[in-house]
Amino acid sequence: QVQLVESGGGLVQAGGSLTLSCVASGRTFSSYAIGWFRQAPGKERESVAAISWSGGWTLYADSVKGRFTISRDNAKNTVSLQMNSLKSEDTAVYYCAGRADTIVTMTSTAYDYWGQGTQVTVSS
């Protein structure tokens, strides 16, 4: 089992950057695929990016491709989401999630463990 805690959210102007962090507790973190998801008010949760246990495979939603970068440091039990060129439509609560599987996926129902979320607000 793993527990996930997100941080790094905040208020930023359009065009700016933020880096979100997801820190995990648990000795088996390195065997987990990790995904980032977001949910805006009145909208369904959507996938943002995902990374395999080794970091060798990454997936991105079309809406963030080229602007966001997901990475992980297993020695620090941390997955980061670097967000550049932020837009107002990126405003949402961002969640990281983990699944104990080598296969990386963008499907939220495939993830077993979720953090509490961190708010990102992009002002236009």
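Which distance in Å, rounded to a whole number, links the C-alpha centroids of segment 77-124 and segment 1-66?
Computed from Cα coordinates, the inter-centre distance equals 3 Å.
Can you spot the lysines whose alpha carbon is less than 25 Å from residue 87's alpha carbon? Ignore those fewer than 8 places along the same chain.
Straight-distance partners of residue 87: 43, 65.
Regarding segment 55-124, what are the three Cα extents along the principal axes, ordered largest first, in Å?
Cα spread of segment 55-124 along its principal axes, largest to smallest: 39, 24, 24 Å.
Treating only the Cβ of Lys, Arg, Asp and Glu as charged (+1, +1, -1, -1), what charge dipole size does segment 1-69 show about its Cα centre? Round to the nearest 20 debye.
It comes to approximately 40 debye.
Each residue of segment 108-124 in order: what ³J(HN,Hα) in whole Hz does its phi give by Karplus 6.51 cos²θ - 1.76 cosθ + 1.60, θ = phi - 60°, with x for Gly and Pro?
Values per residue, Gly and Pro as x: 4, 5, 7, 9, 9, 10, 10, x, 8, x, 9, 7, 10, 10, 10, 8, 9 Hz.
With label points built 7 Å along Cα→Cβ from the Cα atoms of residue 121 and residue 43, find their separation and express it in nm.
1.7
In percent, how large is the relative contact order of the chain, given Cα pairs closer than 8 Å and 6 or more residues apart? Working shown, then result.
Numbers: 324 pairs, mean separation 45.4, N = 124.
That works out to 37 percent.
Each residue of segment 31-46 in turn: what ³J(HN,Hα) in whole Hz from Karplus with 6.51, -1.76, 1.60 and θ = phi - 60°, glycine and Pro shown as x?
9, 9, 7, 10, x, 10, 10, 9, 9, 8, x, x, 10, 6, 5, 10
How big is the dipole moment of the chain about its Cα centre under a simple scheme where the beta carbon of each Lys and Arg is +1, that of each Asp and Glu is -1, and everything else is neutral? Debye, nearest 20, please. Walk me through the numbers on the way to the answer.
Numbers: 10 positive and 9 negative charges, 31 e Å.
Here the chain has a charge dipole of around 140 debye.
Would you mind working out the accessible area per residue for the chain, using a 1.4 Å probe, and quoting it in Å²?
Numbers: 6250 Å² over 124 residues.
Using a 1.4 Å probe on heavy atoms only, each residue of the chain averages 50 Å².
For the chain, take the convex hull of the Cα atoms, compute a quarter of its surface area, and give me that in nm², please.
Working: hull surface 26.7 nm².
About 6.7 nm², averaged over all directions.
Rounded to a whole number, what % of the accessible area of the chain do carbon and sulfur atoms account for, probe 1.4 Å?
Working: 3020 of 6250 Å².
Here it works out to 48 percent.
Using the Karplus curve 6.51 cos²θ - 1.76 cosθ + 1.60 with θ = phi - 60°, work out ³J(HN,Hα) for each residue of segment 95-106 in order, rounded to whole Hz, and write x for Gly and Pro.
Coupling constants for segment 95-106: 10, 9, 9, x, 9, 7, 7, 7, 8, 8, 9, 9 Hz.
Multiply the residue separation of residue 71 and residue 85 by 0.36 nm, subtract the distance between their alpha-carbon atoms, and state the gained length in nm to one decimal.
Working: separation 14, 0.36 × 14 = 5.04 nm, distance 1.77 nm.
Contour length minus the Cα-Cα distance gives 3.3 nm.
Output the relative contact order of segment 73-124, whole-number percent, from Cα pairs under 8 angstrom with separation of 6+ residues.
Working: 50 pairs, mean separation 23.6, N = 52.
It rounds to 45 percent for segment 73-124.
The values are calculated or read from the model by the stated rules, or taken from the named source; none is laboratory data. Note that the structure is predicted; figures quoted are calculated from it, not measured. With ideal geometry, Cβ positions are generated from the backbone for all residues, glycine too; neighbour counts draw on all protein chains shown. These accessible areas exclude ligands, DNA and RNA; they are computed on the full protein's heavy atoms, side chains included. Shrake-Rupley method; radii C 1.70, N 1.55, O 1.52, S 1.80 Å.
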